[in-house]
Every structure is written in structure tokens, then in C-alpha cells.
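Remarks on the structure that follows.
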């Protein structure tokens, strides 16, 4: 009897903690939605800011964020996947490879503002890309690289060894085995990792402060060397600078709401993809 | 080399790191016969058959001494292409391991990775292989369904079809029925007996009755040594070694 | 490793020994009945045969059960199949003892056609061969089994001696003694058959020990030293 009672208490406690977590999450969403939804309108989503950012829309920031995300992923996805494949499938299990692995994991723990400074020093100054989409995308790309590598590694390691053996036993070369027997079942896992890093890229402010973002720009970027507006930085700008704090605040919440919806829908997409693949793989 | 020998094992020693897994093993595997390899766990049975298609190379830190000849040619010679060896020696594993692809694509896999693109040829070959593996009737109407939806026994026969599609000369089976129920096991055993006409079959099994039922020759291994290798009937009625007798009668250990 | 199967085999072996003891007893008593023309004793032997038949069935059923459930191989398989054969051989030996007793009734009420000389010798040989063959089986004694097999020609000789003596010296000379002589010929025939069955048991015993079939291959008996381990 005592066992059952203590078990009940244990589970109730865990459930309580879960509720607290959900409460925070709900509060954030509710808070942002309540304050931001008022600002949302067709105009808000499709027009440029007007009247010293007190009215008009945030379309350039949405577009800018989109470009940055796209650039970062185009850069980091192939690189990350290739590294993961090498580390999992080809590399001999040696001391050096272990160090590389640990380094990659540590890279994931570096604060994002450090990546920003790195981007400033390397892409903006050294390569002379200036403050631009290119510099920002590369910086963001490097920032999420560890995340993409570990997600891909995990997905690859989760592929049963038996698939590889079956493929080799049929006379497949290592590369064909990876291409046809390992990557396909690993793909949902890899894509989930990528999509979740999209969410992270979209929301980061620090790496783009010095490398890509501008507070206000008339019109849309016309090349990868243009500086851009981006949603997170726009929020930061509206809340800390400018001359009309009250009106700006409302727009900032609108931006936050848009960003939140974007990130949530990307995560949702990740879940959908994973579920579909899981069903397909039985 | 005698006409009827497909695989010759000559003075083979095999090591995982410093640990010896096989010692001085020499045996001839006869063409178009079923050879069963029995012995307690860790006796080197699986290690031996995985040497036949060079699968042990996938494990780092292993070392082989001696020769293994396929039709008189050393498969470990530097002139031999390992991919070719593996194509000629098919393998079926302990747990059915179809790819998470359609039934058709599973069987076509070996053809595709070997560079065959002609669709008609592939389709014909898939059908033939499925028929040879005695599973065609069960799957012909759902070739595009995912293979993982099949039952365990069907999956294993699919894996046999997959191995047959690349036209191997030898079929290695590593405890192919250990994960199957008795009915599926019977089906696979009947299939193996049918396949003997075209293929040389080497089967590792823990099930001694199975070895007795289907094998022409039986080899008994213990702790990496080949203890006794003879016609199956002799092994099971009058083994010449006391250890063999103790093992097959269950007195062992 | 101690197996439950070993216990079951042991039980079976004990049954077989009991069967052997009863059979041996039947032979002994039938010979005594013959020598003394003792009808009561003969009746007892005939009656006791049903007990032997009963045990034979038990052994057969148990053996089949073990074959089916244990699927024995190697020495276990050889022990069981040999045991089954020995079982039926013993049963036939017991039947032959009964046959001898039945002949006793035919001759009991008349004087013997001649004094018994070779028949007691043959009877003793039969008893001895049955005893020895059982010992060989129980102790896995190949040498003894071999001895039994080689004794068989002795039995043939004795039977022939009885036959020709009775036919040539009595029946041919005086046909009227046929009804008293023929049962004696038949008795010698029964006793000789007992020796044959003892020989079969010895052959099966050698198969069990060596897995070598010596039946119909007497030459194999000779070179079996090189096969010994």
C-alpha cells in the first residue's frame, strides 16, 4: 500500500512540474498574442515602416529574416550533413575524431554574440562583404552548424547497422550504401534538425547586429550585399531607440507576434514531416 | 582443387584485436550442398561465415591469417574486388532486415547498386527472385507497399529474394530463422532445400534439429576450433568426438 | 550437465533390465520343466508371459514418447533405438520359452524317445548367451557382445546334432516314434532361435556402443580394434 501511495505522490509531483512549465509557455504565448495581435493587419504585413516607424508595416523585416534564414540554411545544411556523414560513416574511430566531435559539441555552447563578433571580424571586415545578407547568413549558418551536425549525426546513428550490412552484402560500395540505404531513413531526423535550426536562426538577434541588420531601410534588399531589416533586430530597435516609444512598443509586439507565429509554424512543420516519415517507415 | 568444392578455407586464424576468434580452421564447402555450422555462442560460427563475404572488414581492428578461396581464387587477394566478392556471395541475416522501402525496391536494390538501370530487366528479375524465394504469391498485388508491413517470416523470405536478385553463387545464412515462428521456419527450411539445386548454402544455426533436417554437411565449432566436420547424418547418429556428442545431446556445459 | 532426460533414460533402462530378468527366468524354468517333464511348471511359465508382454508394451510406449518429445541424437538416439529392438528381441525370446513349455505338454505323458544330451547343452548355451548379451548391453561391453555373436555357430551345431540324431537314428528307423521325436526337434529349434535373438541383441549393442552396424557384416567384427578410441 505504501508503495502505491508514494508512487502516486511522485507522479502527481511530476505532473505539477509539467503544469508549471506549460503555464510559462502559455503565458508567453498569451502575453505576446494579446499585446501583438492588435497591430496585425494586411498593411502591417505588406508595407514598409512609415512616419519614423510609428506606423506602416514591417514587410522588409519579414523579407529580410526570410533571406537570412534561407542563406544560413543553404550554407550550413550541406556543410553540416557532409561533416556528419564523414564523422559517422567514414572516419576511423580515432582519438582525433573524438576531439573533433567534442569541439563541435562545444561550439554549440558558444554565446551567439560571440558568433556576431566573429562574423564582424571575418566576413564583414576580412572578406570585405560589409554589413550584408551574405555576412549575416554566413554568421548565422556557422552558428547553427553544430546543431545541424549533431542532429544529422544522431539521425545517421539511429539507422540500424543491419541496413548497412544488408547493403554491403549485396555488393554496394560504401558511398552507394550511404546514399541509398543510410540517408533515406535518416532524412526525417536530419530535416527535423534543420527545421528546428531554422527557428533558431530566425529568432537570433546578436549574430546579425554587427553583420547584417539595419534598423530602418527603405524598400527591399536588391543583392546579397545589401544590409537588411530583420524581425528580431527590429523588435530590439523599436524597444530601445526612436522617438515615439509608445507607438513603437505596439509595433514591437506586433513583430514579436509575427516572429512567434513564424517560429511555431516552422516547428510544427518539422513535427508534421517527422510524423509522415515515421508512418512511411512503419 | 576438386570439382565439387566451392569454398576452401585454409589454415584460417582470425583475431578481433588481440582476441583470437578462429584457430587453424580448414574446411571445404561443397558445391550445391547445404552446410550447417553449429556450436555454442561465441564459438566463431558467425565470424567464419562473415569471412566468406568479407563482412568482418567492416569491423575495425580485425586480422585474418590464412586463405579463403572461392572457386579456387583467394577472395582476400589484393587483385580481387571486394564488391564483386560480396555480389557473388549473398547473405541473409539473423533478424530480417528489409530496407524501409517498397517490396519491389528492396529486391531491386542489389541490381540498382550494381549499376543496372534497365527497367524491364529489373522488373523481370524482381519477379523471378520473389518467385524463387517462394513469396511472390503473397506479395504480387502489393509490390509498392512498404516492406516493413510484412510479417517476420515474409520479411525474411523477402531478404532471401533480395539476396537472390544479384545472382550469387553462394548463399550465407546467419541464423535465418532465429527470430521466426515454427511455421515461418518450416517455410524457410523448405525454401532452403529448394535453393540447394542452384546455390551453395552455408547456414549458421543454433537449432540443431534444423541442421539435422536440412544440412548435407555439418561442422561443429567450439571456442574458435573446428571440432568435427562430416556428413550431417554421421554427426547426428555417430559423432566421432566426445565433445560433439556432448553438445548435440545437450550434455554440454 | 545432469539432464532430466538422463533420468528418463535410466528408468527405461531399469525396465529393460526387469524385462531381461523375467525373460531369463522364463528360459530357466522352461528348461527345468522340460528336464523334469513338469507340466505345472510349464503352465506357470506360460502364464507369466503376459507380464513380460505388458512390460514390453510399456517400454515401447515410453521409447516412442521419448523419441517424439526429446528428439534424441547420437548416443541417446542409439540407446533408444537399440533399446526398442532389444525389447522386441526379449519378448520373442520369452515367447520361445513359452513354445518350449508347450512342447513339454506334448511329451510329458510318454517316456522320452532317448535320454536328453545335446538339448540340455543347447539350453544351457541359450541361457548363457541371453545372460551375457544382457550384461554386454548393460555394461556397454563390446568384447562380451562379440563373444555372444561368435557363440551362435555353437548353437547351430548343437541343433543340427539333435536334428540329425533324432531323424537318422530314430525316425528313419522307426516311424512310430515320430510323435515323441518331433517335439524334441522343435525344442532344439526354439532354443537355437533363442540363441539367434541373443545374437541380434549383441549386434545391436555393438551398434549402440560403436555406431557400427555389424549385422550381416561379420567381417566388421574382426577389425574393430582400430575403431576403438
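Any read-out appearing in this document is the output of simple, stated calculations on the displayed coordinates, not a laboratory observation. Since we're looking at a predicted model, the values are computed, not measured. Cβ sites come from the backbone with ideal geometry, for glycine too, and all protein chains shown count toward neighbours.
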Chain A - percent relative contact order, Cα under 8 Å, separation 6 or more:
26 percent
According to a simple spin-label model (label point 7 Å from Cα along Cα-to-Cβ), what is the distance in nm between residue A:74 and residue A:108?
2.7 nm
Ranked packing of C:4-15, A:154-165, most packed first, by mean Cβ within 10 Å
A:154-165, C:4-15
Once you have the Cα-Cα distance between residue B:151 and residue B:71, take 0.36 nm times their residue separation minus that, and quote the gain in nm to one decimal.
25.2 nm
How high is the relative contact order of chain B, given as a whole-number percent (alpha carbon pairs under 8 Å, six or more residues apart)?
27 percent
0 to 90° range, to nearest 10: angle between helix A:133-158 axis and chain A longest Cα axis:
30 degrees
Can you give the FRET efficiency for residue C:157 and residue B:26, using 1/(1 + (r/R0)^6), R0 = 56 Å, r = Cβ-Cβ distance, to the nearest 0.05?
0.55
DSSP beta bridges in chain B [antiparallel fraction, %, rounded to 5]
60 percent
First measure r as the distance between the Cβ atoms of residue B:233 and residue C:50, then evaluate 1/(1 + (r/R0)^6) with R0 = 35 Å and state the FRET efficiency to the nearest 0.05.
0.30
Over the whole of B:84-96, what's the average partner chain Cβ count within 10 Å per residue? Rounded to a whole number, please.
3
Given R₀ = 22 Å, what would the calculated FRET efficiency be for residue A:220 paired with residue A:265, taking r from the Cβ atoms and rounding to 0.05?
0.50
Taking only Cα atoms, what is the 0 to 90° angle, nearest 10, from helix A:245-280's long axis to the longest principal axis of chain A?
20 degrees
Going by how many other Cβ atoms sit within 10 Å of their own, how do C:93, C:59 line up, fewest first?
C:59, C:93
Report, to one decimal in Å, the Kirkwood hydrodynamic radius for chain B based on all distinct Cα pairs.
18.7 Å
Take the Cα coordinates of segment B:61-128, assign each an equal point scatterer, and use the Debye formula without solvent to give log10 I(q)/I(0) at q = 0.23, 0.24, 0.25, 0.29 Å⁻¹.
-1.07, -1.10, -1.14, -1.30
Please give the average number of partner chain Cβ atoms lying within 10 Å of the Cβ of each residue in C:18-24, rounded to a whole number.
0
Quick one, what does Rg over Rh come out to for segment B:1-54 if you take C-alpha atoms and the Kirkwood Rh?
0.99
Top of B:236, B:52, B:14 by mean-square fluctuation, Gaussian network on chain B, Cα under 10 Å
B:236
Kindly give Rg over Rh for segment A:40-280, based on alpha-carbon atoms, with the Kirkwood expression for the hydrodynamic radius.
1.06
Cα-Cα pairs of segment A:113-231 separated by more than 19 Å (percent)
57 percent
Can you give the mean number of other chain Cβ atoms that lie within 10 Å of the Cβ atoms in peptide A:170-180?
6
Using every alpha carbon pair in chain C, what percent of pairs falls into each 10 Å bin from 0 up to the bin containing the largest distance?
8, 30, 30, 19, 9, 3, 0
Packing-based ranking, highest mean first, of A:188-201, A:97-110 given that Cβ atoms within 10 Å are counted
A:188-201, A:97-110
Between residue C:172 and residue A:17, what is the label-point separation in nm under the 7 Å Cα-to-beta-carbon projection?
11.3 nm
Pairwise label distance in nanometres, residue A:158 with residue B:117, each label 7 Å out on the Cα-Cβ vector
3.4 nm
Using just the alpha carbons, could you tell me how many Å³ per residue the convex hull of the protein assembly as shown encloses?
262 Å³
Can you classify segment A:152-216 as rounded, prolate or oblate using the Cα gyration tensor, where a ≥ b ≥ c are the square roots of its eigenvalues, rounded means a/c under 1.5, and otherwise it's prolate if a/b beats b/c and oblate if not?
prolate
Helix-only CD estimate at 222 nm, as mean residue ellipticity for the protein assembly as shown, using -39500 (n - 2.57) per DSSP H run (n ≥ 4)
-20500 deg cm²/dmol
For segment B:1-30 and segment B:39-111, distance of Cα centres in Å:
14 Å
Longest to shortest principal axis, alpha-carbon extents of segment C:111-224, angstrom
53, 24, 16
What whole-number value in cubic angstrom gives the convex hull volume per residue for the C-alpha atoms of segment A:88-145?
101 Å³
Assign one of three labels to segment A:194-236, namely rounded, prolate or oblate, based on the Cα gyration tensor with a ≥ b ≥ c the square roots of its eigenvalues; rounded applies when a/c is under 1.5, prolate when it is not and a/b is larger than b/c, and oblate otherwise.
prolate
Quick check: the angle from helix A:231-240's long axis to the longest principal axis of chain A, C-alpha only, nearest 10 degrees?
40 degrees
For segment B:86-197, list log₁₀ I(q)/I(0) at each q in 0.11, 0.19 Å⁻¹, using the Debye formula over Cα point scatterers of equal strength and ignoring solvent, two decimals each.
-0.29, -0.93
Distance in Å, no decimals, from the C-alpha centre of segment A:1-74 to the one of segment A:100-168 is 25 Å
Kirkwood radius from Cα pairs of segment A:171-282 plugged into Stokes-Einstein at 25 °C, 0.890 mPa s, gives D in µm²/s equal to 145 µm²/s
